[in-house]
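The values are calculated or read from the model by the stated rules, or taken from the named source; none is laboratory data. Owing to the predicted nature of the structure, the values given are computational and were not obtained by experimental measurement. Cβ sites come from the backbone with ideal geometry, for glycine too, and all protein chains shown count toward neighbours. Ligands, DNA and RNA are excluded from the accessible area calculation, which covers all protein heavy atoms including side chains. Shrake-Rupley method; radii C 1.70, N 1.55, O 1.52, S 1.80 Å.
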Amino acid sequence: MKSSAELFKEAREFIPGGVNSPVRACLSVGCDPLFVASAKGGHITSVDGQELVDFVESWGPMLLGHAHPEVTRALLEAVPLGTSYGAPCPAEVELARQVVEAFPAMDMVRMVNSGTEATMSALRLARAVTGRDKVVKFIGCYHGHADAFLASAGSGVATLSIPGTPGVPEATVQDTLLVQYNDLRGVEDLFKLYSDDIAAVIVEPAAGNMGLIPPKQGFLEGLRKLCTAHGSLLIFDEVITGFRAAYGGMQTRCGIEPDLTTMGKIIGGGLPVGAYGGKAEYMRRIAPSGDVYQAGTLSGNPLAMAAGLATLKVLRASDYAALEARVERFAKDLEAVFAEKGVPVVIHRLASMFTIFFTDQTELSNFEDVRRCDAAAYGAFFRKMRANGVFLAPSAFETGMVSFAHTEDDFARTLEAVRKSL
């Protein structure tokens, strides 16, 4: 088998940057990527023969761990029946039913193929329902790479947006209003300025793409009240937190009902999938029952549906509270090791997620706080941890994921790797 270095050199000849998603290139952590040969439970094995404890977990969907036997069995049974129909199949009806039953705010759900597809479709629906164009987005929250979400603050003013990447027309992001995460007063100000123009507020109910940043007390409740008062829709992007923060997502955990929810990751058991759902009065606007067009040849793919059903079956019987308690103990042990070594960090944790921020700040509540953390220190730590057998996210702005498959030995091995890496 070719080495990671050989594969990366070859990949750069045929794939832009040698990877099919930018963060995989490991540019921000100053090294080349590892190519994965296999994965099992809480571990991955590189083509170079190194086995690592995996806290990326395919960026979140592998809550049961890699190659879970029930999910693998479901796929092996589904493959001989055909890999794609372009027509309805029984599994998509059952998975839709189970997703709707898990989320109290959801009456109907539409399956798609990615989180990006889910969020762009939810925004289109919100604009159609309200007859408005503007959307409030929080700086540092990631909702996929649809043009409307690739905006950055212009001239230091949160209400002005410019394209965040070449190829996105300025007109496309002019209706995207930006404000810092956890800044409820800033959202109130936007509603004062644009109360009749805001179609939706879209938010990660627990931010996972600037590292893990939990919502402040009253923040999500405030968004719900503002949207209700102004006739705007509240969209929870639960692509990361759906079925991970709790079986019914972050909205079940915090007791707040959004109008629309976007999902992905876990509901496909590791296969490409996404979904958006919400109240029936809104979802019935989607074609063919309504006038808002959205389609996808591979939506409801039988393999993804089979993997998703198997995953949810296991998750329904899983002890989320026990896993959360284990992750909390692990995070406290991590804090103790960093303190022992005299390295200032802040560790955020929620459910089965955690992030190590290299900083001496006492509070991190938005992207501006995160940007002041020491990304170079994280990069050096990442490289040493990888050499010592632990695979972390190759970016200081991502979230660590723990699965039900991670063992106490995995945690002990990680703590020892931290001691060696500091």
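Numbers for the structure displayed
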quantity: Cut-off 16 Å (backbone N to label point 7 Å along Cα→Cβ of VAL79), residues of segment 292-319; calculated: 302-308
quantity: Amide H contacts of HIS348 (H built 1.01 Å from N, under 5 Å, at least 5 apart or other chain); calculated: THR355, PHE357
quantity: Nearest-10 value in Å² for the accessible area of THR252, using the 1.4 Å probe; calculated: 60 Å²
quantity: Within the chain, percent of DSSP bridges classed antiparallel, to nearest 5; calculated: 60 percent
quantity: Paramagnetic reach from ALA280 in segment 226-266 [backbone N under 16 Å; point 7 Å along Cα→Cβ]; calculated: none
quantity: Under 17 Å from the Cα of LYS313 - aspartates and glutamates, other chains or at least 8 residues apart; calculated: GLU70, GLU77, GLU92, GLU94, GLU101
quantity: Residue-averaged 222 nm ellipticity for the chain, from DSSP H runs of 4+ at -39500 (n - 2.57), nearest 500; calculated: -11000 deg cm²/dmol
quantity: Hz values of 3J(HN,Hα) by residue in segment 362-373 - Karplus curve (6.51, -1.76, 1.60), Gly and Pro given as x; calculated: 8, 9, 10, 10, 7, 5, 4, 4, 5, 5, 7, 6
quantity: Backbone N under 13 Å from the GLU363 label point (7 Å along Cα→Cβ), restricted to segment 163-196; calculated: 182-184
quantity: Euclidean distance of C-alpha centroids, segment 303-322 and segment 339-371, integer Å; calculated: 30 Å
quantity: Carbon/sulfur fraction of accessible area - segment 284-422, other protein chains in place, 1.4 Å, %; calculated: 51 percent
quantity: Listed residue pairs exceeding 21 Å between alpha carbons, taken from LYS216/LYS341; LYS134/LYS225; LYS2/LYS265; LYS40/LYS384; LYS9/LYS265; LYS134/LYS192; calculated: LYS216/LYS341; LYS2/LYS265; LYS40/LYS384; LYS9/LYS265
quantity: FRET efficiency, 1/(1 + (r/R0)^6) with R0 60 Å, evaluated for VAL314 and ARG372 via beta carbons; calculated: 0.90
quantity: Charge-dipole axis of segment 1-149 as Lys and Arg at +1 and Asp and Glu at -1 on Cβ define it, positive-most pick from VAL47, SER21, ALA78; calculated: SER21
quantity: Contour excess over end-to-end distance, with Cα ends at SER38 and VAL19 and 0.36 nm allotted per residue; calculated: 5.1 nm
quantity: Accessible surface, the chain, averaged per residue in Å² (probe 1.4 Å); calculated: 42 Å²
quantity: Full-extension gain in nm, THR407 to ARG419, via 0.36 nm per residue minus C-alpha separation; calculated: 2.4 nm
quantity: Cα→Cβ-extended label distance, 7 Å offset, between GLU335 and ALA171, nm; calculated: 5.2 nm
quantity: Relative contact order of segment 71-199, defined on C-alpha pairs under 8 angstrom at six or more residues apart (%); calculated: 21 percent
quantity: Cβ-placed point charges (K, R +1; D, E -1), dipole of segment 192-248 about Cα centre in debye, nearest 20; calculated: 200 debye
quantity: Unit Cα scatterers, Debye sum, the chain: log10 I(q)/I(0) for q = 0.09, 0.10, 0.14 Å⁻¹; calculated: -0.56, -0.70, -1.40
quantity: Amide H within-cut-off set for ASP237, under 5 Å, with H built and near neighbours excluded; calculated: VAL203, GLU204, THR262
quantity: Amide hydrogen neighbours beyond the local backbone of GLY274, cut-off 5 Å, H modeled; calculated: VAL112, ASN113, SER114
quantity: Carbon/sulfur fraction of accessible area - segment 27-176, other protein chains in place, 1.4 Å, %; calculated: 57 percent
